[in-house]
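Data block below; observations after.
Laboratory data are not the source of any read-out in this text; all were calculated from the coordinates shown. Bear in mind that the values here come from a model prediction, so they are computed numbers and not experimental data. Neighbour counts run over all protein chains shown; Cβ positions are idealised from the backbone, glycine included.
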Amino acid sequence: MSAGVEHIGLICSNVEIGPGAYLMEISLPEVALRARPGQFLHLRCGEGMEWLLRRPLSVHDVDKKSGRVSLLYQVVGKGTSWLAGQKPGINIDVLGPLGRGFSLPPCGGKALLVAGGVGIAPLFFLARELLGRGVILKFFLGARTRNLLLRLEALQRLGIEIEVATDDGSAGFSGPVTALLEKSIPKEKPDIVFACGPRPMLAACAGLLAGHHIPGEFSLEERMACGLGACRGCAVPVRSPEGGATYENVCTCGPVFAAQEIIW
Amino acid sequence: MPLPNLSVNIAGLRLQNPVMPASGTFGFGEEYSRFFDLNLLGAIVVKAVTLKPAPGNPPPRLAETASGLLNSIGLQNPGLEVFIREKMPFLRRFKPPVIVNIAGKTLEEYVELAERLSEVEGVAALEVNISCPNVKEGGVAFGVDPKMAAGVITAVRRRTPLPIIAKLTPNVTDITEIARAAEDAGCDAVSLINTLQGMAIDVERRRPLLANVVGGLSGPAIKPVALYAVWRVARAVKIPVIGMGGIRTATDALEFMLAGARAVAVGTATFTRPTAMVEIIEGLREYLHRNNINDINELVGAIKV
Ligand SMILES: Cc1cc2nc3c(=O)[nH]c(=O)nc-3n(C[C@H](O)[C@H](O)[C@H](O)COP(=O)(O)OP(=O)(O)OC[C@H]3O[C@@H](n4cnc5c(N)ncnc54)[C@H](O)[C@@H]3O)c2cc1C
Ligand SMILES: Cc1cc2nc3c(=O)[nH]c(=O)nc-3n(C[C@H](O)[C@H](O)[C@H](O)COP(=O)(O)O)c2cc1C
Ligand code: FES
């Protein structure tokens with residue numbers, strides 16, 4: 001009846017991979033088959049305890065063969081703390097895959113991927129898909145400090161070129177990841193840039209891309225209630241086709257938007 | 001034992017069961033039709049429709065609080081014309097009556113909305129929203145003063161043959177006064193409560209969590225307040241009451257009916273459990289069966305005090 005949106009998945013693993021950052025694997029065969037990079041799951045948190053809204057998390061990766069979907073999340077509040085406490089063997093209630101993901105170029109070309117902190121979450125799956133399509137990739141990974149460079153080894157195992165930046169200089173370039181991007185754009189001449197991270201980082205990326213007339217696709221966040229387009233709670237300001245401003249739902253029109261569409 | 005009767009009459013409409021979505025939490029029906037057959041509902045209540053498209057308030061528009069949800073959507077909707085052209089064809093496909101929530105900035109806007117919607121096939125009733133806390137002009141301004149409330153209902157009453165439901169705000173000193181004024185002005189039912197005004201602050205940034213600073217509180221946190229309002233209003237008016245505010249389960253719905261609601265609406269609970277309404281309908285049926293009650297109407301206002 002639900003056209004495959006409502007699922008109960010078994011948690012297979014839930015491991016802390018960095019300070020307060022967890023990688024969770026859930027058995028969700030249907031989602032694993034259907035999810036596209038950039039889409040998200042809407043998770044029921046705190047079952048049996050107090051009442052909470054669902055929490056949106058990006059699909060971090062899928063394994064179609066084993067039917068597993070992985071999520072990468074940073075503990076920041078009630079919902080994510082609850083998730084962090086869930087043990088393998090527990091069932092979890094999810095809606096998804098939801099939203100519009102990244103548009104995947106047919107094949108070939110060159111793409112730069114820029115992640116800030118836990119913004120790596122949707123970009124890992126994207127990187128794998130792009131590689132499969134023969135796209136040449138370069139990954140820029142930024143974080144506050146070295147041990148928050150999440151999934152660095154996993155990215156390295158994909159065999160792609162990676163540059164890292166940390167705010168405190170504990171690894172790689174000392175400064176914002178956008179500075180790395182700025183230096184690379186003229187050299188790399190990418191066909192497209194994909195990014196996810198804190199709002200100021202994305203705004204800076206959008207500015208850089210506009211200056212070089214390079215298209216970008218960014219995954220955005222906004223507080224959500226329904227996750228389905230029904231409540232209008234997750235509005236983001238965008239340029240309307242007529243040139244004015246309007247609001248679109250992050251949950252159904254996004255979470256991935258064209259960089260130049262957003263009013264930062 | 002024969003199957004218990006779940007059907008109720010509200011404002012001249014026969015609902016196959018007393019459960020409907022709360023306006024604004026169910027879009028225009030499409031989104032949740034992926035989860036269950038909308039034909040199972042007692043009625044379909046859509047998001048507030050305004051004369052012109054309304055962009056809504058700046059984000060963030062949502063903040064969760066203890067067992068509650070603050071929202072400051074600001075009635076974002078595509079406007080009357082798009083609603084009629086693009087949303088009604090879908091809604092007409094279903095059996096349950098379609099109740100359209102209308103919001104105006106002025107009396108004239110309410111009247112125009114009512115007139116236009118009266119001509120639209122498939123619109124069964126109007127829920128006159130005089131209670132939205134999230135728009136600066138109009139909305140709640142009409143709902144906090146008995147004279148203004150009566151004025152809107154009287155004006156709408158003159159221009160539409162459709163049943164009118166007045167949606168009331170709890171942000172008043174005495175909600176029964178507004179309910180009585182709406183009844184005297186000729187409305188056929190009242191629905192309550194709309195959200196309670198509230199706010200939340202991010203102490204690190206020392207800023208409100210909502211860009212609009214204040215919003216409307218819904219969800220389980222408001223249920224006792226809503227129940228009390230329904231109980232008082234049900235005893236103050238003769239027209240049917242549609243109760244809402246924090247309903248999550250059949251037990252919650254039964255509480256509202258025992259307090260005097262003829263029907264109930266479910267809002268915020270649907271966000272967490274998309275099929276909440278269907279489960280509530282099943283739960284009501286099961287309760288009647290278990291208690292040997294033939295007709296759900298026997299429960300309305302049947303609280304023993
Ligand atoms: C499409 C999408 C995909 C996402 N993917 C990921 C992902 O893959 N990994 C990941 O870690 N996160 C992701 N997020 C973010 C994630 O959803 C949130 O971090 C999570 O919902 C927080 O829930 P919580 O209960 O732990 O925190 P909460 O307890 O809800 O709040 C955490 C903090 O936010 C503040 N806050 C509350 N309401 C607001 C508001 N309205 N505006 C601003 N601040 C507020 C609180 O005060 C608190 O400090 C994604 C978000 C979206 C929209
Ligand atoms: C996101 C959201 C949007 C709402 N929009 C409307 C609206 O457009 N018109 C209206 O009359 N009430 C609106 N309401 C109020 C609900 O219809 C209902 O009165 C209130 O939420 C209490 O019920 P609940 O606790 O079950 O959600 C809205 C509530 C929420 C949470
Ligand atoms: S979260 Fe409800 S419309 Fe996006």
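Some notes on this structure:
- Across the stretch B:8-299, C-alpha contacts under 8 Å between residues 6 or more apart give a mean separation that, scaled by the residue count, equals a relative contact order of 19 percent.
- For the stretch B:200-305, the list of trypsin sites (Lys or Arg not before Pro) that fall in a loop by DSSP and count at most 16 other C-beta atoms within 10 angstrom reads B:Arg205, B:Arg206, B:Lys238, B:Lys304.
- Each Lys and Arg Cβ is given +1 and each Asp and Glu Cβ -1; about its Cα centre, the stretch B:8-299 then shows a dipole of about 180 debye.
- Highest average packing first - B:59-68, B:186-195, B:163-172, Cβ atoms within 10 Å: B:186-195, B:163-172, B:59-68
- Longest DSSP-loop-exposure-free segment, GluC sites (Glu not before Pro), chain A, at most 12 other Cβ within 10 Å: A:51-241
- The calculated Kirkwood hydrodynamic radius for the stretch B:8-299 is 18.8 Å, given to one decimal from all distinct C-alpha pairs.
- Above 21 Å, the calculated P(r) of the stretch A:1-140 contains 42 percent of its Cα-Cα pairs.
- Each Cα pair of the stretch B:155-247 feeds into the Kirkwood radius, which the Stokes-Einstein equation turns, at 10 °C and 1.306 mPa s, into a diffusion coefficient of 109 µm²/s.
- Relative contact order of the stretch B:1-118, taken over Cα pairs closer than 8 Å and 6 or more residues apart, is 26 percent.
- Each distinct pair of alpha carbons in the stretch B:69-115 adds a 1/r term; the inverse of their mean, the Kirkwood radius, is 12.6 Å.
- Average Cα contact separation per residue, the stretch A:1-140, under 8 Å, 6 or more apart, as relative contact order %: 29
- Bridge type composition, the stretch B:8-299 - antiparallel percent by DSSP, nearest 5: 40
- Shielding by other protein chains, B:52-64, mean Cβ within 10 Å: 5
- R0 of 30 Å, Cβ-Cβ distance B:Val203-B:Tyr228: FRET efficiency to nearest 0.05: 0.45
- The dipole here belongs to the protein assembly as shown: it is taken about the Cα centre, uses +1 on the Cβ of Lys and Arg and -1 on the Cβ of Asp and Glu, and is about 180 debye.
- Taking amide H atoms as placed 1.01 Å from N in the peptide plane, the amide H of A:Val114 lies under 5 Å from those of A:Phe140, A:Phe194, A:Ala195, A:Cys196, each 5 or more residues away in sequence or on another chain.
- Between A:Gly99, A:Val15, B:Val82, the Cα set farthest toward the positive side of the dipole of the protein assembly as shown (charges on each charged residue's Cβ, about the Cα centre) is that of A:Val15.
- When only alpha carbons of the stretch A:12-75 are considered, Rg and Dmax amount to 12.2, 36 Å.
- Temperature 25 °C, viscosity 0.890 mPa s: under these conditions the Stokes-Einstein estimate for the stretch B:1-76, based on its Kirkwood radius over C-alpha pairs, is 163 µm² per second.
- Considering only the Cα atoms of the stretch A:68-131, their convex hull presents on average a projected area of 5.9 nm².
- Radius, Kirkwood style, for the stretch A:73-175 when every pair of distinct Cα atoms is counted (Å): 15.5
- Given R0 = 56 Å, the distance between the Cβ atoms of A:Ile136 and B:Lys52 translates into a calculated FRET efficiency of 0.70.
- Surface/4 estimate of mean projected area, convex hull on alpha-carbon atoms of the stretch A:116-264, nm²: 9.5
- Sequence-distant residues sharing a close amide H with B:Thr268 (under 5 Å, placed H): B:Gly219, B:Gly246
- Share of Cα-Cα pairs in the stretch B:232-305 lying beyond 15 Å, as whole percent: 54
- Chain lengthening between A:Leu104 and A:His212 when straightened (0.36 nm per residue, less Cα-Cα): 36.8 nm
- In the protein assembly as shown, the convex hull through the Cα atoms has an average projected area of 27.0 nm², a quarter of its surface area.
- Over chain A, the pair-distance histogram of Cα-Cα distances with 5 Å bins from zero comes to 1, 6, 13, 17, 20, 17, 13, 8, 3, 1, 0 percent, rounded to whole numbers.
- Selection among B:Ile281, B:Val213, B:Ala66 by position relative to the dipole of the stretch B:8-299 gives B:Val213 as farthest towards the positive end (Cβ unit charges, Cα centre).
- Rounded Å value of the spacing that divides the Cα centres of the stretch B:8-69 and the stretch A:237-254: 23
- Inter-label distance, B:Leu107 to A:Arg144: 5.7 nm, where each label sits 7 Å from its Cα along the C-beta direction.
- Amide H contacts of A:Ser13 (H built 1.01 Å from N, under 5 Å, at least 5 apart or other chain): A:Glu25
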